[in-house]
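Read through the structure below, which is laid out as structure tokens, and then see the notes.
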Amino acid sequence: MNANDFGYVRAAAVAPALALGEPQENARVLAANLRRLARERVAIALYPELCLTGYTCEDLFLSQGLLTEIDLALEIVAKATQGIVAVVGLPWRMADGRLLNAAAVVANGQIIGVVPKSTQPNYGEFYELRWFVSGAEVDEVIAHPKLGTFRICRDQLFEVGGLAFAVEICEDLWTVEPPGARHALAGADLILNPSASNELIGKAAYRRDLVRMTSAQRICGYLYASSGPLESTKDVVFGGHVIAAEDGQPLGEGDRFDFAGSSLTVEFDAQRIRHERAQNISFAGAARPTGYTRIDCGVAQRPLASLSRTLTAHPFVPADPEEFAHRAHEIMAIQAAGLARRMLAARCERLVIGLSGGLDSTLAFLVALDALAKLELPAQNLHAFTLPGPGTSSQTLGSAHRLCEAAGLAIAEISIAPAVEQHLKDLDHPQDARDVVFENAQARERTQILFNQANKLGALVVGTGDLSELALGWCTFNADHMASYNVNASVPKTMIAYLVRWYGEHRASEALLGVLEAVLDTPISPELLPPEDGRIAQSTETLIGPYELHDFFLFHFLRSGFEPEKIFFLACASFSNTYKPKTIQGWLAVFFRRFYTQQFKRTTLPPGPKIGSVSLSPRGDWRMPDEASVDRLLERIDGLPVKSKGSAKSRRKTPTAKAPRGPTPKAQRSTRVRKKT
């Protein structure tokens with residue numbers, strides 16, 4: 001599979017070793033670098049501001065000798081741009097004598113455009129107006145005798161491999177009205193910034209945040225390359241900072257202060273950027289600037305079998321422990337605040353929850369305690385019920401009791417077995433039939449008890465089902481599908497496990513920690529079939545697949561709008577050491593089949609708080625017809641190249657916390673699942 005087909009374009013930001021005031025020597029360094037990058041299948045190479053001369057040439061910018069060498073240097077660079085686009089900073093003298101700080105866009109031996117800098121810093125250590133004028137209003141066509149005919153203007157878009165990029169130069173990013181904002185609205189997927197930003201205490205962090213947040217505000221990719229440490233250090237020092245970000249997410253950065261030069265190679269995802277822009281109505285509805293020209297760089301991307309950008313197998317879970325701790329605290333605070341506000345609206349001071357001894361109800365239990373504390377109500381206002389039935393194991397039943405005991409609460413145990421038996425008898429259903437009627441009768445009986453107990457106590461029923469179950473329809477309609485308020489509605493299964501573990505490590509007493517560890521060690525199961533030799537008879541992940549795969553599919557389908565082929569490509573890279581392509585293909589088919597056919601359950605979901613960027617609320621983020629066909633998608637999944645290694649060479653980042661425990665079975669192309677309809 002070719003990553004180019006999925007909207008990826010490889011680009012590099014380079015801060016090369018500099019020969020100050022020697023354009024031809026700098027051009028030879030750039031040319032060698034360009035040939036290497038082309039071999040590495042880079043399509044776009046960005047170099048710093050005024051890199052052909054050096055940013056710190058000062059009054060040498062006005063010398064005829066230096067300016068004469070620029071043309072010769074450009075010819076050297078141009079010869080090295082076969083199959084690659086170079087964006088090179090240089091001083092550009094207009095025919096009328098004005099000198100511009102500019103960037104030349106060069107490809108296939110020709111200059112295809114020159115972009116002038118709009119804003120010249122003239123404060124503190126900067127003194128650009130001594131040499132350069134603003135290029136904001138410049139718009140001319142240049143006929144160069146050797147390097148072609150091109151436009152010199154700020155408002156230009158350049159196209160490579162279906163991706164459009166534009167250029168803003170250094171201070172243009174820092175100014176009040178950056179031209180890059182216009183570029184993004186005009187259609188630039190990627191903004192390139194050749195820069196010369198000196199190093200001061202704290203400036204690197206500020207610069208990093210500026211690039212990241214700019215990419216978020218403009219919903220674009222952003223590539224930044226700044227001058228290196230071989231610039232003059234008479235008054236300031238430059239570090240050669242190279243940074244990449246995409247839609248608010250950092251893609252990487254290079255080392256600073258390296259005299260040999262620094263570089264960074266990443267891929268930008270044009271499909272993801274355009275999906276984000278399409279669904280962000282504020283961006284989509286904004287007025288578009290006029291006067292832009294689009295120029296095809298004439299560079300055909302070489303196939304990318306793998307990606308250099310870091311992929312994560314668990315996209316919902318931050319890899320950094322400190323970031324995860326902050327996020328865990330934030331998630332539970334949002335859940336608790338949502339539930340507490342719901343209680344205020346209902347003029348209710350009590351909650352009812354059904355405890356199964358599993359992950360989801362355990363997290364909901366902890367959130368409910370936080371909600372009561374927020375309202376300054378006693379923990380005893382949480383009424384916990386455990387409702388064992390024919391499929392309940394002693395392990396989960398014991399965990400439910402110990403959970404309440406560790407929290408200092410009472411728990412009521414009500415066996416549903418007699419009621420289910422009577423109900424099946426009323427239906428004239430064979431008592432030994434272990435079918436969907438048998439299974440769902442248990443789920444609906446539990447829900448009936450919880451709601452009636454809530455009526456009796458003047459309480460709200462706290463829902464426990466999670467985002468992953470809602471995506472797969474792994475809930476019984478009009479049973480665990482229902483609640484007064486579902487605190488876990490937008491928390492994926494992989495995150496549930498991490499949250500419970502985080503709570504145990506940071507907030508739980510020693511007694512409660514022991515219970516939470518037991519819950520984490522329990523296989524994920526609906527427990528609707530009788531135990532076998534005392535052990536849980538059903539494994540959810542055996543029936544419908546590993547939740548870590550389904551959460552991966554869910555994230556990339558909902559968050560970025562990716563097609564099955566692209567999700568498969570990314571999954572093969574992210575799980576290259578865990579699952580074979582055939583396995584991933586099988587569970588991908590299960591995911592899409594269930595996601596489409598189970599929409600009717602999501603259409604009637606109870607309310608619950610949105611805690612992340614992915615939600616399935618029918619009143620908010622996801623609205624889909626119940627009758628949408630999945631047949632064509634399944635045909636495409638059947639045709640995936642499962643015998644190839646895909647993109648397994650991509651780097652995989654895995655969270656430092658432990659992943660949810662549970663079996664990871666081999667693929668099943670189709671599974672007959674009787675439960676949860």
Candidate set: the range 236-290, residues that are over 15 Å from the mean Cα position of the chain (by Cα) and aromatic (Phe, Trp, Tyr); chosen: the one farthest from residue 14 (Cα to Cα): 283
Looking at (1) of a type in the set (D, E, K, R); (2) over 33 Å from the mean Cα position of the chain (by Cα); (3) under 29 Å from residue 575 (Cα atoms), which is the one condition that is false for residue 541? (2)
It is to be established whether one or more residues within the range 613-631 are more than 24 Å from the chain's Cα centre (by Cα), outside any loop (DSSP other than H, G, I, E, B) and surrounded by fewer than 21 Cβ atoms within 10 Å (Cβ to Cβ). yes
Qualifying residue in the range 126-147 (condition: farther than 20 Å from residue 178 by Cα, open to solvent by less than 60 Å² (accessible area, probe 1.4 Å) and in a strand (DSSP E or B)): yes
Restricting the search to the range 96-108, which residues are in contact (Cβ under 8 Å) with a residue 24 or more places away in the chain, out of contact with any Ser or Thr (no Cβ under 7 Å at 6 or more places or on another chain) and assigned to a loop (DSSP other than H, G, I, E, B)? 98
Report, by residue number, each residue of the range 189-216 that is in a loop (DSSP other than H, G, I, E, B), surrounded by 24 or more Cβ atoms within 10 Å (Cβ to Cβ) and of a type outside the set (D, E, K, R). 196, 197
How many residues, within the range 422-436, are open to solvent by less than 90 Å² (accessible area, probe 1.4 Å) and without any contact (Cβ under 8 Å) to a residue 60 or more places away in the chain? 6
Those residues of the range 22-34 which are open to solvent by 20 Å² or more (accessible area, probe 1.4 Å) and either out of contact with any Leu (no Cβ under 6 Å at 6 or more places or on another chain) or modelled with pLDDT under 95 (or both) amount to 22, 25, 28, 29, 32, 33
State the number of residues belonging to the range 540-562 that are in a loop (DSSP other than H, G, I, E, B) and either touching a Lys or Arg at 6+ places or on another chain (Cβ under 8 Å) or open to solvent by 20 Å² or more (accessible area, probe 1.4 Å) (or both). 3
Enumerated helices (runs of 4 or more DSSP H) restricted to the range 437-539, each holding at least 2 residues that are more than 26 Å from residue 341 (Cβ to Cβ), out of contact with any strand residue (DSSP E or B) (no Cβ under 7 Å at 6 or more places or on another chain) and touching a residue at least 24 places away in the same chain (Cβ under 8 Å): 493-506, 510-520
Please go through the range 563-595 and give me each residue that is open to solvent by 10 Å² or more (accessible area, probe 1.4 Å), closer than 27 Å to residue 270 by Cα and not in a helix (DSSP H, G or I), ordered by number. 563, 576
Here are some conditions: (1) touching a strand residue (DSSP E or B) at 6+ places or on another chain (Cβ under 9 Å); (2) open to solvent by less than 10 Å² (accessible area, probe 1.4 Å); (3) closer than 16 Å to residue 131 by Cα. Residue 67 meets all but one. Which one does it not meet? (2)
Taking the range 164-181 only, how many residues are crowded, with 21+ Cβ neighbours inside 10 Å and assigned to a helix (DSSP H, G or I)? 5
From 455, 440, residue being open to solvent by 70 Å² or more (accessible area, probe 1.4 Å) and either of a type in the set (S, T, N, Q) or modelled with pLDDT under 95 (or both): 455
Does residue 356 satisfy the criteria of being touching a residue at least 60 places away in the same chain (Cβ under 8 Å), surrounded by 23 or more Cβ atoms within 10 Å (Cβ to Cβ) and either touching a Gly at 6+ places or on another chain (Cβ under 7 Å) or among the aromatic types (Phe, Trp, Tyr) (or both)? no
Any residue at all in the range 41-58 that is among the charged types (D, E, K, R), surrounded by fewer than 24 Cβ atoms within 10 Å (Cβ to Cβ) and more than 16 Å from residue 228 (Cβ to Cβ)? yes
Within the range 185-199, residues of a type in the set (Gly, Ala, Ser) and under 17 Å from residue 295 (Cβ atoms) come out as 186, 187, 188
Output for the range 550-567, where each listed residue is within 17 Å of residue 466 (Cα to Cα) and over 13 Å from the mean Cα position of the chain (by Cα): 550
Against the conditions (1) open to solvent by less than 10 Å² (accessible area, probe 1.4 Å); (2) out of contact with any Phe, Trp or Tyr (no Cβ under 8 Å at 6 or more places or on another chain); (3) hydrophobic (A, V, I, L, M, F, W, C); (4) more than 26 Å from residue 134 (Cα to Cα), where does residue 73 fall short? Just the number, please. (4)
Just to be sure before I move on: is residue 343 within 16 Å of residue 504 (Cα to Cα) and surrounded by 15 or more Cβ atoms within 10 Å (Cβ to Cβ) in the structure I sent? no
What are the residues in the range 336-375 that are on the phi < 0 side of the Ramachandran plot and part of a loop (DSSP other than H, G, I, E, B), if any? 348, 349, 355, 356, 358, 375
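The values are calculated or read from the model by the stated rules, or taken from the named source; none is laboratory data. Since this is a predicted model, take the numbers as computed values, not measurements. Ideal geometry is used to build each Cβ from the backbone, glycine not excepted, and the neighbour counts take in all protein chains shown. Areas reflect the complete protein model, heavy atoms only, side chains present, ligands, DNA and RNA absent. Shrake-Rupley method; radii C 1.70, N 1.55, O 1.52, S 1.80 Å.
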